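Each remark here refers to the structure printed beneath this line.
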Amino acid sequence: MKQTELLAIIEKMSPKEKVDQLLQLAADFYTDNAEDRTGPMDNLNINETTIDNAGSILGVSGAQKAIDIQKNYIENNPHNLPTILMADIIHGFRTIFPIPLALGCTWNTDAVEEMASISALESSVSGLHLTFSPMLDLVRDPRWGRVLESTGEDPYLNSVYAKSMVKGYQGDNLKEDVTKVAACVKHFAAYGGAIGGRDYNTVDVSETTLREKYLPSYQAAIDAGAKLVMTAFNTIEGVPASGNKKLFRDVLRDEFEFKGPVISDWAAIKEMINHGVAANEKDAARLAIEAGVDIEMMTTCYDKHLLELIDEDAKYMDLLDEAVLRILELKNDLGLFENPYRGADPVKEKEVILSESHRESAREIAEKSMVLLENKEILPLDKTAKIAVFGPKATTGDLMGAWSWQGKFDEVITIAEGLVSKGEHVSVSTTNYDLFENTAESLVDAKELATTNDVVVLALGEADWMSGEAASRSDIKLPQSQIELFKIVRSVAKKVVVVLVNGRPLDLTDISEADAILEAWFPGTEGGNAVANILFGDVNPSGRLSMSFPENVGQVPVYYNTENTGRPYEAAPEEKYVSKYLDVSNYAKYPFGYGLSYSSVSYDNLALDKEIGEIEDTIKVTVTVTNQSDRLTTETIQVYTRDLVGETARPLKELKAFKQVELAANETKEVVIELETKKLAYVHQDLSWAVDAGEFNLMVGPNSRELKLAKSFSLR
Ligand code: GLC
C-alpha cells in the first residue's frame, strides 16, 4: 500500500479509532487464557469496541488462533485494518536456543543469525508478525537478572550481534518473505545500567558513557533496519525513557534517523506517575506522545486522555496522526494489508516447529556457546569411563531460561540424557536433588555414586526464575546447599566435573577445587546433547565469555575495558595509594573473551601493514596462529587497541576486531584481520564521535587478558 493510501485511511478514521490504534493489549483479552504476561495486570476498564480495535496484540501464539483473531479483528474494524501480533521470542520460539548471554559467547555471527532466522520461521508459521528482540542493553552487573537477555559488556561485540539478529529475524524482504518477522530493539535506553543491579532501578550514566557504551548496539540494529523500538522502564538523566523527548526525538529520531514506531514497555507510560514525573495518567499521556511513544503497552493513558488533550490543543491531533501513520506503516511493511495472515499455517506449523533440523541447529549453537572455565587435564572424558551424573540440574528440563515462552520442559534433552546417550557407563541418580536443600537421602546417594565411579558430573546452577526480568540477586554465588553438596562430593570423589546452568556470571570461588568447570548457561532444548558432546570431546569447546565473571560480588561492576585511573595499580603494586582493594584483586576471575578449549594455540609474528595510518584508513593486522594439539579447534583471535591520549580518558583496551578460524590438528595459519581506523572513534567532550590523530597500541590474543603480542601505530 502506498503512503498516500495510508493517509487516506487515516483521513477517514475518527479520533477515537486513531487512539485505539495506539493501544496494545495482551492475549488475555482475545483468548481464554493468559498466554504471555510479563508485567502487572491493571483493570483497564475498557469497552468491547476498544478491545476489538486495539492496534496490536501481545502474546498470541498458534496459527489457527492467530488466523481466527486476525479474521475477527478485520471484520470488526470500521476500516478493515489488520492488527499486529507481537511476542517475546528472545532466543527461540518452540525450539529454544541458548540464552542471549550464551549466544554472546559464540563470537559467531552466522550462528546468531541462524538462531534468529529459525526463531522467525517458527514464530511466523505460528501466526506472529513481530518479536520483542533483540534486547541490546549493555551489561556490567551480574546482580541484574536481565544480563541473561544481553549479549554482554562490549559495545562493539553487541553491535555485531545486533546486526546479525535483525538480519536473521527480518531477512531482506520482510513484506514478501512470510518466514520472517519484524524485529524490535529494546530497551531504549541503558536499562542495563540499573544502580545496584536492581531491576527497574535508576540509571545514572554520563551522556558520554551513554553514547559511547550503551547506544552503539541499539544504533547498529536500527542501521540494520529494525522496525520497532521499545522504551526502557528507567529514567535517563532523571527523565523516564517513555517521556524522554531528548532520548526519543533528538537522539532516536533526529540523530539515528529512526522512522518506525516506538512502543512503551509494559505499563511504562503509566509508571511515569510512580517515577514522580507525571502528575496523573493525562500528564503521562502528554509526556509520552510528546516524546514520540506511539504504542502504549497494557495501560490506557492514551485511551483515556489523548482526546482530552486534543480538545485542549490541536497539536496533539498532529502528534496522534503521526503515531497512527507510523503504526500503519509498520503493518504495511509487514504486508498485512495485502496478506493479513502472513505466514500463519496450521499444517506447516506441525512440520516446522521443533523439527529435527531445528534441534540440530540448537544443539550446534549450544555447543558453540558453552565456555570451558577450568580443566585440570580431566576433559575430554573417555566414553568408557565409569561416570555418575547427578545434582539439581542433572535430570531437569529447566535448561531453557526465563524467556523461553513456548519452550516445553519435556521437549528438552537433559544433561543426564545427553551423557547416557554418549557414554558407555553412565549412572544417573534416581534420587531427587533440590536446588536449595540437601536431604539425608541425596547426600548418601551423592557419596555412594562419588565413591563407586571414576568421574562425577555434578550439574549445578539456577532455576529459570532466578535470572531474567524481576530476578536481581545481591549474592551471585550458587545456592549454599549446592556449595555444600559440591564440598561433600569433592571430599570423596576421584574426579569432579561441574556443569553450570545459570543466566548470569556467578561467584565461583566455592567450587574452584573442581577438576573442570563447564559454563553451559541455559543451553536450550538440546542442552543435554551439547553438554555431552563437549564433555566427551566430540566437540572442542570454543565459547569465549562476553561478560566478565567477578571474583566476588564486591568487585561489581567489573569489566575489561576500564580506564587506567590517575593511580594505576599496575604501575606500583606495592604502593598503598593506588587504585586497588585491600581484600581482592582488581581483575575478574574469568575475563571478557576468556574460554578454554582442548587445544592450545600459539600466536606469533604479529605485523601491521603500516605503522602510520590516516584517520580514515584500514590497517591490516597479520598474525600467525598454530594449533598445537592433535584435534580440530576453533580459535577466536581478538584484536584490542588502546588510544594512548584522548580528550577523555581512554580504556586500557577495547575490542575493535576479531576473527574466528578453524585450525586442523597441528595446523598453522597466517590470519589477516582488517582494522578500520574509523572504529577508533570515541565520544569527545562536545559529544561528537571522532578519531584523533595520535599514538595507539594494538594487542592480539585469545582473550582480553592474554594479549602477548602488541604493536604500536599512529594516525595522522
Ligand atoms: C516486559 C519486558 C519486555 C517485554 C515486554 C512484553 O516487561 O520488560 O522486555 O518485551 O514486557 O512482554
Review point. Hey, rough spin-label estimate for Asp223 and Lys386, points 7 angstrom out along Cα→Cβ, what's it come to in nanometres?
Key: 5.9 nm
Exercise for review: Kindly flag which residue pairs out of Lys576/Lys656; Lys163/Lys656; Lys368/Lys653; Lys180/Lys678 have an alpha-carbon separation exceeding 23 Å in this structure.
Suggested key: Lys576/Lys656; Lys368/Lys653; Lys180/Lys678
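Take the alpha carbon atoms of the chain, find their radius of gyration, then divide it by 2.2 N^0.38 Å using N residues; give the quotient. Could you put the intermediate results ahead of the total?
Numbers: Rg = 26.1 Å, N = 716, 2.2 N^0.38 = 26.7 Å.
Ratio of Cα Rg to 2.2 N^0.38 Å: 0.98.
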**Study point:** Pairs of lysine residues in region 390-535 - Cα separation under 30 Å, sequence separation of 8 or more or cross-chain
**Key:** 21
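Stretched out fully, how many nm does the piece from Leu644 to Thr618 gain, at 0.36 nm a residue minus the Cα gap?
Working: separation 26, 0.36 × 26 = 9.36 nm, distance 1.89 nm.
Value of the extension gain: 7.5 nm.
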Review point. Simple spin-label model, 7 Å along Cα-to-Cβ: Lys610 to Asp254 in nm?
Key: 3.6 nm
Point to revise | In sequence order, calculated HN-Hα J values of region 110-123 (Karplus, 6.51, -1.76, 1.60; Hz; x Gly/Pro) | key: 5, 5, 5, 5, 5, 4, 5, 5, 5, 4, 5, 4, 5, 5
Review point. To the nearest 0.05, how large is the calculated FRET efficiency for Val661 and Asn45 if R₀ is 41 Å and r is the Cβ-Cβ distance?
Key: 0.10
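Restricting to the chain, compute how many DSSP beta bridges are antiparallel as a %, nearest 5.
Working: 48 of 89 bridges.
Here the share of antiparallel DSSP bridges comes out near 55 percent.
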Review point. What are the lysines whose alpha-carbon lies under 16 Å from the alpha-carbon of Lys71, with same-chain residues fewer than 8 places away excluded?
Key: Lys331
Point to revise | Sequence ranges 163-169, 372-378, ranked by mean other-Cβ count within 10 angstrom, highest first | key: 163-169, 372-378
Revision key, fill the gap. If unit charges are put on Cβ atoms (+1 for Lys and Arg, -1 for Asp and Glu) and the dipole of region 191-317 is taken about its Cα centre, the option from Leu306, Asn201, Leu287 lying farthest towards the positive end turns out to be Asn201
Review point. Expressed in nm to one decimal, what extension gain is obtained for the pair Glu513 and Glu351 from 0.36 nm per residue of sequence separation less their Cα-Cα distance?
Key: 53.7 nm
Review point. In what sequence, highest mean first, do 423-429, 476-482 appear when ranked by Cβ atoms within 10 angstrom?
Key: 476-482, 423-429
Check your understanding: Listed highest first by mean packing, meaning other Cβ atoms within 10 Å per residue, what order do 645-658, 485-498, 92-105 come in?
Key -> 92-105, 485-498, 645-658
Check your understanding: For region 601-680, with the dipole built from +1 on Lys and Arg beta-carbon atoms and -1 on Asp and Glu ones, taken about the Cα centre, which of Ala665, Val621, Tyr640 lies farthest toward the positive end?
Key -> Tyr640
Check your understanding: Reachable lysines from Lys304, Cα under 16 Å, same-chain residues fewer than 8 places away excluded?
Key -> Lys16, Lys18, Lys270, Lys282
Exercise for review: Name the aspartates and glutamates eligible as straight-distance cross-link partners of Lys259: C-alpha to C-alpha under 19 Å, and not fewer than 8 places from it in the same chain.
Suggested key: Glu5, Asp172, Asp223, Asp250, Glu290, Asp294, Glu296, Asp318, Asp321, Glu322, Glu329, Asp333
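Mind checking the full-extension length gain between Val584 and Thr109? Use 0.36 nm per residue of separation minus the Cα-Cα distance, one decimal, nm. Display every interim value, and only then the final one.
Working: separation 475, 0.36 × 475 = 171.00 nm, distance 3.55 nm.
Computed gain between Val584 and Thr109 is 167.4 nm.
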Review point. If one takes the longest principal axis of the Cα atoms in the chain, at what angle in degrees, from 0 to 90 and to the nearest 10, does the Cα axis of helix 301-312 lie?
Key: 40 degrees
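At a Förster distance of 35 Å, what's the computed FRET efficiency of Phe409 paired with Lys494, Cβ-Cβ distance as r, to 0.05?
0.60
Per the helix-only calculation at 222 nm, which mean residue ellipticity applies to the chain, given -39500 (n - 2.57) for every DSSP H run of n ≥ 4 and division by its residues, nearest 500 deg cm²/dmol?
Details: 17 runs with 188 residues, N = 716.
So the calculated ellipticity at 222 nm is -8000 deg cm²/dmol.
For Lys653, what charge total do you get from the other residues with a beta carbon under 14 Å from its beta carbon, if Lys and Arg give +1 and Asp and Glu give -1? If you can, show how the numbers build up before the last one.
Working: positive: Arg642, Arg650, Lys656, Lys679, Arg705, Lys708, Lys711; negative: Glu153, Asp154, Glu563, Glu570, Asp643, Glu654, Glu706.
Residues close to Lys653 contribute a combined charge of 0.
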Study note, to complete from the structure: Net charge near Ser133 (other residues with Cβ under 10 Å of its Cβ; Lys, Arg +1; Asp, Glu -1) is -1
Check your understanding: Tell me, how many Å apart are the Cα centres for region 429-477 and for region 518-574?
Key -> 21 Å
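No value in this document is a laboratory result; all are computed from the given coordinates. Keep in mind that what you see is a predicted model, and the values were worked out from it rather than measured. Cβ sites come from the backbone with ideal geometry, for glycine too, and all protein chains shown count toward neighbours.
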